[in-house]
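Here's the structure we're looking at; comments come further down.
The values are calculated or read from the model by the stated rules, or taken from the named source; none is laboratory data. Nothing here was measured: the structure is a model prediction, and the numbers come from that model. Here the Cβ positions follow ideal geometry from the backbone for every residue, glycine too, while neighbour counts run over all protein chains shown. These accessible areas exclude ligands, DNA and RNA; they are computed on the full protein's heavy atoms, side chains included. Shrake-Rupley method; radii C 1.70, N 1.55, O 1.52, S 1.80 Å.
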Amino acid sequence: MIPVFESFLYPFLLSLKCGELSLKDLRKKLISHFKLTSDDLNIKTRSGKTTQFNDRIGWSRQYLRRAGFIDIPSNGIYRITKRGSDYLSSHDDLLILDLMKYKEFADYVNKGKSKSVPNPEIPFESLETRTPTEQLEQAYATIENDLAVDLLSKVMAQTPNFFEQLVVDLLVKMGYGGSFADSALVTQSSNDEGVDGIIYEDKLGLDKIYIQAKRWKTAVGRPIIQQFSGALAGQNSSKGIFITTSTFSKEAKEYVKGISQKIVLIDGHELARYMIEYNVGVSPKKTYIVKRIDTDYFEE
């Protein structure tokens, strides 16, 4: 029998105490720790897509990484961090509530929470009080939030030109530019005059939306938005979309509120959410259908 997910956290972290491990070696250590049999390892999750053992390892990795207890220096290699080592030196167990004491993990969990939950600081203590529907929605939100974080990381690893094309592809998927040919384009890097892309709102090109895309880690400040505003004025346009993988400063947000041009700001978190919603760079893995009683059927 496979132990519950929470039971994997401490032995997972403890396995890395003596140095880096590959996923294969980590699996061996956990199999030995729990004394699992081949039958145990073949137990599937409810969806049947993977085994319970692999599923628990995967989520243990994500939770420990979001809490800053481990990092992944290269693909398939796991390493304990100083925070993780410090925790091991003074604890002999690790629960999800322990991870909630670290801001990075708490922020990660709470992003997927419904605002209606009364105590967002302790999302797991009252889990048994939620209805099955609420638990399902919480689970979906947590999985989607995890996907958004990984998706943004993947975007950051691409080239600036790829990112500019991605932004145009996303806006077309969102309905901007219509369904006709040549409704959107990426401008040439050498002569873009501060504009990375253009969306044509009609077939004749009578109205355009100009795009600026910044694959940055640091916040976009007001001066950069002012430059984009000037680029729009140079194109005699009043519509623009500025998209970044990072965030916008408070001054930048305030600036766009006070100008006559309509400039929409989309930060990295919103970008990832839109990519998931409009299936850009992602694909469905599993569809769950929640059914209800059809009262019309039972009426005579």
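Points to keep in mind about this one:
- Of all residues in region 64-76, those satisfying the criterion of being at pLDDT 90 or above and touching an Asp or Glu at 6+ places or on another chain (Cβ under 9 Å) are Arg65, Arg66, Ala67, Gly68.
- Residues in region 1-36 that are open to solvent by 70 Å² or more (accessible area, probe 1.4 Å) and polar (S, T, N, Q): Ser32 alone.
- Condition broken by Ser74, with the remaining ones in (1) surrounded by fewer than 17 Cβ atoms within 10 Å (Cβ to Cβ); (2) in contact with a helix residue (DSSP H, G or I) (Cβ under 8 Å, 6 or more places away or on another chain); (3) of a type in the set (Ser, Thr, Tyr) satisfied: (2)
- Some residue of region 124-134 being modelled with pLDDT of 55 or more, open to solvent by 60 Å² or more (accessible area, probe 1.4 Å) and in contact with a Phe, Trp or Tyr (Cβ under 9 Å, 6 or more places away or on another chain): no
- Residue match in region 42-57 (condition: at pLDDT below 90 and within 17 Å of Phe105 (Cα to Cα)): no
- Test: residue in region 51-58 that is open to solvent by 30 Å² or more (accessible area, probe 1.4 Å) and touching a residue at least 60 places away in the same chain (Cβ under 8 Å): no
- Filter result (open to solvent by 30 Å² or more (accessible area, probe 1.4 Å) and in a strand (DSSP E or B)) within region 220-264: Lys239, Lys262, Val264
- Within region 265-279, the residues that satisfy the criterion of being touching a Ser or Thr at 6+ places or on another chain (Cβ under 9 Å) and either open to solvent by 70 Å² or more (accessible area, probe 1.4 Å) or not in a helix (DSSP H, G or I) (or both) are Leu265, Ile266, Asp267, His269.
- For region 282-300, the criterion of being of a type in the set (S, T, N, Q), touching a residue at least 12 places away in the same chain (Cβ under 8 Å) and surrounded by fewer than 17 Cβ atoms within 10 Å (Cβ to Cβ) is satisfied by no residue at all.
- Here Gly19 fulfils each of the conditions (1) modelled with pLDDT of 90 or more; (2) on the phi < 0 side of the Ramachandran plot apart from (2).
- All helices (runs of 4 or more DSSP H) inside region 1-66 with 3 or more residues being under 23 Å from the mean Cα position of the chain (by Cα) and not hydroxyl-bearing (Ser, Thr, Tyr): 52-66
- Taking region 141-160 as the range and being open to solvent by less than 50 Å² (accessible area, probe 1.4 Å) and among the β-branched types (Val, Ile, Thr) as the test, the residues that pass are Thr142, Val155.
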